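Below is one structure; the comments refer to it alone.
Any read-out appearing in this document is the output of simple, stated calculations on the displayed coordinates, not a laboratory observation. Fair warning: this is a prediction, and the values are worked out from it, not measured in the lab. Backbone-built Cβ (ideal geometry, glycine too); neighbour counts: all protein chains shown.
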Amino acid sequence: MRIRYSPPSEIELEGTPDQLRELSDAVLELNVTGEGELSLSAEAGFAPSPYATVLTGRRIHIEGERVCISVAEDALIVTGSFSALRSFAASLAMLAEGADTSHIHFEYWDGHPDIAQDSCPLVISVRQSSSR
């Protein structure tokens, strides 16, 4: 899985269908077990263009109400309640299962029930092969 970032708030999470499905399953499992945090690594050593840099970690926390996407150090941080994180997992699964698009925008819009207003916009992209 690759994560590209351009400060202050342009983020892309890219993975193959299998990687997106695995992340979705891990988020849902976090909800089932009630564990407070999931920490995973991300791919390094690739050109982040057109973004500025690569993030090499992913941390998901059960915290707060709505999903909030942010960056800390070199990691993508996703926080939210159990129910809000199910929305994030569903977005990952939709792309993994062959949605009619190559990417989606997981971002706040006025009145969104699951995404926090101060969340960074996140582009989630599906990569059909392991190289690009």
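Counting Lys and Arg as +1 and Asp and Glu as -1, what is the net charge of the other residues whose Cβ lies under 14 Å from the Cβ of Ile115? Could you put the intermediate results ahead of the total?
Details: positive: Arg66, Arg86; negative: Glu65, Glu107, Asp110, Asp114, Asp118.
Charge balance near Ile115 sits at -3.
Could you tally the net charge around Ala75, taking each other residue with its Cβ under 12 Å from the Cβ of Ala75, Lys/Arg +1 and Asp/Glu -1? Mind dumping the intermediate values first?
Values: positive: Arg58, Arg59; negative: Glu37, Glu73, Asp74.
Surrounding charge for Ala75 is -1.
Using only Cα atoms and rounding to the nearest 10 degrees, what angle (0 to 90) does helix 17-33 make with the longest principal axis of the chain?
Helix 17-33 sits roughly 20 degrees off the main axis of the chain.
If you wrap a convex hull around the C-alpha atoms of the chain and split its volume per residue, what is the figure in Å³? Show your work: numbers first, answer last.
Values: hull volume 13.5 nm³, N = 132.
Spelled out: Cα convex hull of the chain, divided by residues, is 102 Å³.
For helix 82-96, report the angle its Cα long axis makes with the longest principal axis of the Cα atoms of the chain; keep it between 0 and 90° and round to the nearest 10°.
30 degrees
Using the count of nearby Cβ atoms within 10 Å as a rough guide to exposure, how do Thr53, Thr16, Thr101 rank from fewest to most?
Thr101, Thr53, Thr16
Rounded to the nearest 5, what % of the DSSP beta bridges within the chain are antiparallel ones?
If I count the DSSP bridges inside the chain, around 65 percent turn out antiparallel.
Using the per-residue mean of other Cβ atoms lying within 10 Å as a proxy for protection, in what order, highest first, do the peptides 111-117, 78-84 fall?
Packing order, densest peptide first, comes out as 78-84, 111-117.
Under the rule of at least 5 residues apart or a separate chain, name every residue whose amide H is placed under 5 Å from the amide H of Glu65.
Ser81
Just rank Asp118, Asp25, fewest to most, by other beta-carbon atoms within 10 angstrom.
With the sparsest Cβ surroundings first, the list reads Asp118, Asp25.
Please compute the contact order of the chain in relative form: average sequence separation of alpha-carbon pairs under 8 Å and at least six residues apart, divided by the residue count, as a percent.
30 percent
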